[in-house]
1. For region 32-40, in order, what is each residue's ³J(HN,Hα) by Karplus, 6.51 cos²θ - 1.76 cosθ + 1.60 with θ = phi - 60°, in whole Hz (x at glycine and Pro)?
2. Once amide H atoms are placed 1.01 Å from N in the peptide plane, what residues at a sequence separation of 5 or more from Tyr42, or on another chain, have their amide H within under 5 Å of its amide H?
3. Applying the Karplus parametrisation 6.51 cos²θ - 1.76 cosθ + 1.60 with θ = phi - 60° to the phi angles of region 65-80, what ³J(HN,Hα) value in whole Hz is obtained for each residue in order, glycine and proline being reported as x?
4. Determine which lysines satisfy two conditions relative to Lys13: a Cα distance under 19 Å, and not lying fewer than 8 residues away in the same chain.
Amino acid sequence: VKDPEVHVETLIKLVELAQQLTYKIKGITFSPIKGPKGNIEYLLYLCLPRENDFAWGESETEAGEITVRTVVSQAWETLR
């Protein structure tokens, strides 16, 4: 992947799908190790909802997109 925006779009779609499936997003980061073909890999921490869990919710979707963009930017600065 040569364009960080592709990573952003893909991760946002994944976050949206996880939310639709009722998973809670606890965090997102990038792996310090590139994939076998040199691609940046990302880690998404998901869990099933429990009472009083902190996680991104519907109201935090915009903040989630900002977080995704920040993580992708950090990954590209660190690994490219």
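1. Result, ordered by residue: x, 10, 6, x, x, 9, x, 7, 6 Hz.
2. Counting only residues 5 or more places away or on other chains, the set is Ser31.
3. 5, 4, 4, 4, 4, 5, 5, 5, 4, 4, 4, 5, 5, 7, 9, 9
4. Within the straight-line limit of under 19 Å, Lys13 reaches these lysines: Lys2, Lys24, Lys26.
Quick note: the coordinates plus some simple rules give every number you see, no bench work behind them. Keep in mind the model is a prediction, meaning the values are calculated, not measured.
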